[in-house]
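To start, the structure under review is shown below, and the notes come after it.
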Amino acid sequence: RLVGELRELVAREEHAGLRTISFVGHSLGGLLARYAVGFGFDAAAKTVFGLEPLHYISVATPHFGNNDTYLNDINKEDAVTPCLRWIACVPVIGKFPACLFHLFEPCVVHACLRRCGDELFLRDAPPPVIVRMGTPGDEVPFVAGLASFRERTCYGNIRGDHLVAWENATIRRKCDLPQVDRKAAPWGVVSVEISAPSPGGEAPEPVTAAPDVTSAAAASEGEGKQASKATCPRREPLIAALAALGWRRIDVKTKANPGACLSCDCLAIMPHDTILLQFPHKDPSFQAVSESVSDLINASIANF
């Protein structure tokens, strides 16, 4: 449906002067944007829906789907769904609800999210659509379409995101995360890491610009850089293929928003949902992330 709506939107007479197209997607929206780009990409003309692809931005998007192997050693698993990991970490009693959820999770996820839930946990018909979206050479040019954008940016919460792990949102392995003390890090934008596209297909070494908040404690938590690959074999090819495209990775730290309870918007309480608020908010951490997204889009258009 999204692909059809975009084609119709671009074809309208009042949009005849459009020259470029950019996407900004939050959470599942980032995956939907990548899916639409694959079907809208013209390999011969190097256009997306007939326009020049300019900037793709994802905000707290689960690029590798949701990993539910949280009953294993969670410090060695990439892209584990944080809220499931937290349950399993509760001393003594944590394993009991975690085991129960592990048994009934497929039914619960399907009941709540239907087809999207199956696809997020890579349970749809093989090959899973998220695997196809990260596999070069698929019959639908998902990776080629994403690679056609002049710029690619991904935002990820370094702490408190209950649905999307930091490494998942920023297209990294857990062992590749920057050594940042997540408790001491400032609210708002914490660090910016830029890696150029890699012609050889291997993930390039990133260049990081970050505040002086590094700590040896991060290494003890398994977040330091190590010379190793992803511990989830199913996700390693996806990480390698997407990372090789070159990204601006922006690590952010946002606060929970308890005030959302007063507006009956309970889903906007956690950092995953408050990372990019759609309404005015006085907290500087929210403003910093929203302004960062706006500034990037404006700069891309100005430099076109």
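The values are calculated or read from the model by the stated rules, or taken from the named source; none is laboratory data. Predicted, not measured: the structure shown is a model, and the values here were computed from it. We place every Cβ from the backbone using ideal geometry, glycine too, and count neighbours over all the protein chains shown. Heads up: the accessible areas ignore ligands, DNA and RNA and are worked out on the full protein's heavy atoms, side chains in. Shrake-Rupley method; radii C 1.70, N 1.55, O 1.52, S 1.80 Å.
Remarks
- The P(r) of the stretch 95-204 has a tail past 20 Å containing 59 percent of all C-alpha pairs.
- Placing +1 on each Lys and Arg Cβ and -1 on each Asp and Glu Cβ, with no other charges, gives the stretch 10-70 a dipole about its Cα centre of roughly 80 debye.
- Geometric descriptor of the stretch 1-68, per residue, is 92 Å³ (volume of the convex hull of the Cα atoms).
- Histogrammed with a bin width of 5 Å, the alpha carbon distances of the stretch 151-200 distribute as 4, 16, 29, 28, 14, 6, 2, 1 percent, first bin at zero.
- 229, 255, 183, ranked by accessible area, largest first (probe 1.4 Å): 183, 229, 255
- Each of 39, 96, 142 has its accessible area taken with a 1.4 Å probe; listed largest first, they run 96, 39, 142.
- Computed 3J(HN,Hα) for the stretch 14-31, one whole-Hz value per residue from the Karplus formula 6.51 cos²θ - 1.76 cosθ + 1.60 where θ = phi - 60°, is 5, 9, 5, x, 5, 10, 10, 9, 10, 10, 10, x, 9, 6, 4, x, x, 6, glycine and proline marked x.
- Heavy-atom accessible area order for 292, 58, largest first, 1.4 Å probe: 292, 58
- Close amide H contacts of residue 26 (hydrogens built in the peptide plane, cut-off under 5 Å, sequence separation of 5 or more or a different chain): 59.
- The stretch 1-40: C-alpha gyration tensor shape, a/c 1.5 cut-off, then a/b vs b/c: prolate
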